[in-house]
Amino acid sequence: MMKTEAYSSLSAATRAVLEQYVEEEFGQVPFVQEREWARPDWVLLAYEGDAIATFCHVVLREVSIDGQTYKVAGINNVITPKAYRGKGYASQVLRQAAPFIFSQLGCAYGLLLCADALLPFYSRLGWYSLSNCTLYYHQPTGEQLYDSNTMLLLPPGQQPIRPQHIHLNGLPW
């Protein structure tokens, strides 16, 4: 079963489970621990029975791309607990995310910050990597340059864009 819920409407128990999974997945990653991250606006979940089999967070934001502002859906924390890996749940949730962010939320783009090892996974789902694009985001200590992979997802039928500069206009996701 698949669900899409506003993050603010999740029960405290569900939020605690999701936070536990995020901690298990990224708690030992210095890059993650050294930064403040945006709170999600939405969560897409896949269940196996009553258990969360995978989920991803969506952060809505007005983002600057080459000096123009666009409504963007930031995808983060695509996590499948170990017991449910290899069953295609993450792919299902991300396929569900595309019509949600474009048709229901009215976003111009999907955007994610991605580790090298995950580029092939997201590429298979229609995301494409931006090369030669600088991306900046906010932190309590000031503006920071993101020095890893940025990927975009476009609405169906739209031709790829190759921006040179992106500013998240807030915390990273």
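3J(HN,Hα) along segment 19-29, derived from phi through the Karplus expression 6.51 cos²θ - 1.76 cosθ + 1.60 where θ = phi - 60°, amounts to 5, 5, 4, 4, 4, 5, 7, 10, x, 9, 8 Hz, with x in place of Gly and Pro. Using C-alpha pairs below 8 Å separated by at least 6 residues, the relative contact order for segment 38-126 is 25 percent. Between Tyr136, Val72, Phe100, the Cα set farthest toward the positive side of the dipole of the chain (charges on each charged residue's Cβ, about the Cα centre) is that of Phe100.
If you take every residue apart from Ile101 with its C-beta less than 15 Å away from the C-beta of Ile101, what net charge results, scoring Lys and Arg +1 and Asp and Glu -1? Net of charged neighbours comes to 0.
What chymotrypsin sites (Phe, Trp or Tyr not before Pro) does segment 62-110 have in DSSP loop regions with at most 15 other beta carbons within 10 Å?
Numbers: sites: Tyr70, Tyr84, Tyr89, Phe100, Phe102, Tyr109; in loops: none.
Qualifying residues, ordered by number: none.
Taking GluC sites (Glu not before Pro) in DSSP loop conformation with at most 13 other Cβ atoms inside 10 Å as exposed sites, the chain has its longest uninterrupted site-free stretch at 37-173. Placing pseudo-labels 7 Å out from each Cα toward the beta carbon at Arg124 and Tyr47 gives an inter-label distance of 2.7 nm. What is the Cα centroid distance between segment 21-83 and segment 135-173, reported in whole angstrom? After rounding, the separation between the Cα centres reads 14 Å.
Of the labelled figures [x] 1.07; [y] 0.95; [z] 1.00, only one reflects Cα Rg over 2.2 N^0.38 Å as derived from the coordinates, namely [z].
Compute the signed sum of charges (Lys and Arg +1, Asp and Glu -1) over the other residues within less than 12 Å, Cβ to Cβ, of Glu25. All intermediate terms of the calculation are to be shown ahead of the outcome.
Numbers: positive: Lys82, Arg85; negative: Glu19, Glu23, Glu24.
Around Glu25, the charge tally is -1.
When the helices of the chain are scored as -39500 (n - 2.57) per DSSP H run of n ≥ 4 and the total is divided over every residue, the value at 222 nm lands at -6000 deg cm²/dmol.
Every number in this text was worked out from the coordinates using simple rules, so none of it is lab data. Fair warning: this is a prediction, and the values are worked out from it, not measured in the lab. Neighbour counts run over all protein chains shown; Cβ positions are idealised from the backbone, glycine included.
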